[in-house]
Amino acid sequence: MLLEGRHTRTIWVEEEGRSIGILDQTKLPFRIERLKLETAAEVAHAISSMQVRGAPLIGAAGAHGLALALAVDPSDAALASAYDLLVRSRPTAINLKWALDRVAARVRPLPPARRAEAALADAKAICDEDVAINEGIGRHGVALIAEIAAKKKPGERVNVLTHCNAGWLATVDRGTATSPIYAAQEQGQPIHVFVDETRPRNQGAYLTAFELGEQGVSHTLISDNSGGHLMQHGLIDLVIVGTDRVTARGDVANKIGTYLKALAAKDNDVPFYVALPSPTIDFTVDDGVREIPIEERAGEEVTHVSGVGPDGEVTKVRITPERTKAANHAFDVTPARLVTGLITERGIAPATPEGLRALFPDRAA
Ligand code: MRU
């Protein structure tokens, strides 16, 4: 998507594969800074510190991390230790493990001398496939927006609510939840996005608002607690969120607060859709609430916020009494019964075991 008017992916290969480049997402929207990562350890740190974040992007970054490790040492031992380091960098999104398993399975049977090149090729393929998958999600999701628009007066906008950032910045390009929105914009359909700020890391305020602004999509930032009120007053036509893991029966792990939006949507008959690339489906788990590990991050992410002061400097400030302790559960699980449908690259599936198996028989097996 566009960054300062130029088409930019969120991850790229530099120095013929000896390093990769990323946008440092901890600096957005205040600074656009690019980072060079040269080792698997640097990639693992970028993932755990959220310099790269969003389920599909951390999968793509992890795959490149393995390729960087193998370029230095292609032995079985080096492969195993880079895999362990990377897979532990964040626990909830399954895309990371999916990508690491895929690259590891691709290179393990090869002689060591051929592993680095094969890993790099596969990491690049994962990135290209992510873009194609997201375009597919956009094609299917935009039909939902068109259906709602058809019931409105000509020119009246369709209002979409999003949570967290499931946009271009969370993927290699286009985004998952935002892909139908960008497709609607390209088709000239009037669309408006209500962006949840998404405390505590403010991915909505810092990232979604930033990227929608860069693409010229009409949007309004709202506090996290506003969604139910807007739905009660008929101001939201459709909710579309992303996800970090979808179980075989259609339970959805996503950024903390997603579950509350789904409950409010159910109570107000607002359709609640989840956009996902197929690598986000984890057919090995069923009951998301019991089986998906939920990342707990530092309490300081709740007690402190960063922003830019009148002098233009980025400052972190404490918003609590000095000794207040905070809990910081980063994700929650929305049970399948609250999900209207799953927008995938192969079509829209009901959030049921049958629905997912019918679209992805190859993955389910
Ligand atoms: O903690 P983050 O910023 O990595 O969480 C991101 C989300 O929860 C996204 O909504 C999710 O990864 C879907 S990304 C297409």
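The values are calculated or read from the model by the stated rules, or taken from the named source; none is laboratory data. Quick caveat: nothing in here was measured; it's all calculated off a predicted structure. Cβ sites come from the backbone with ideal geometry, for glycine too, and all protein chains shown count toward neighbours. Accessible surface areas use protein heavy atoms only, side chains included; no ligands, DNA or RNA. Shrake-Rupley method; radii C 1.70, N 1.55, O 1.52, S 1.80 Å.
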Expected field for residue 229, accessible surface area in Å² at 1.4 Å probe radius, rounded to 10, holds 100
What is the percent of Cα-Cα separations in the chain that go past 29 Å? 39
Could you work out what % of the accessible surface of the stretch 223-262 is carbon and sulfur, using a 1.4 angstrom probe and leaving DNA, RNA and ligands out of the count? 49
Per DSSP, loop GluC sites (Glu not before Pro) in the stretch 55-135 with at most 16 further Cβ within 10 Å: none
Mean-square fluctuation check for the chain, GNM, Cα pairs under 10 Å: which of 317, 13, 270 is largest? 317
Candidates per GluC sites (Glu not before Pro) in the stretch 280-347, loop by DSSP, up to 10 other Cβ within 10 Å: 313, 322
Over all distinct alpha-carbon pairs, what is the Kirkwood Rh of the stretch 1-43 in angstrom? 11.2
Compute a Gaussian network model of the chain, connecting alpha carbons closer than 10 Å, and tell me which residue from 109, 279, 293 fluctuates the most. 109
The stretch 1-98: radius of gyration over Cα atoms, expressed as a fraction of 2.2 N^0.38 Å: 1.06
Straight-line reach from residue 27: which lysines fall under 18 Å, measuring Cα to Cα and dropping same-chain residues less than 8 apart? 36, 316
Keeping all protein chains in place, calculate the accessible area per residue for the chain (probe 1.4 angstrom), answer in Å². 42
For the stretch 52-131, with all protein chains present and a 1.4 Å probe, just round the carbon and sulfur fraction of the accessible area to a whole percent. 58
Rounded to the nearest 20 debye, dipole of the chain from Cβ charges on Lys, Arg, Asp, Glu: 340
So which trypsin sites (Lys or Arg not before Pro) in the stretch 261-331 are both in a DSSP loop and have at most 14 other Cβ atoms within 10 Å of their Cβ? 323, 325
With contacts defined as alpha carbon pairs under 8 Å and 6 or more residues apart, what's the relative contact order of the stretch 84-222 in percent? 19
I want the local charge near residue 229. Using Cβ-Cβ distances under 15 Å, sum +1 for each Lys or Arg and -1 for each Asp or Glu among the other residues. -3
Just how far, in whole angstrom, is the stretch 63-124 from the stretch 1-57 if you go by their alpha carbon centroids? 18
How high is the relative contact order of the chain? Use alpha-carbon pairs under 8 Å, at least six apart in sequence, and give a whole percent. 16
Which order, highest average first, do 349-358, 302-311 follow once you tally other Cβ atoms within 10 Å for each residue and take the mean per peptide? 349-358, 302-311
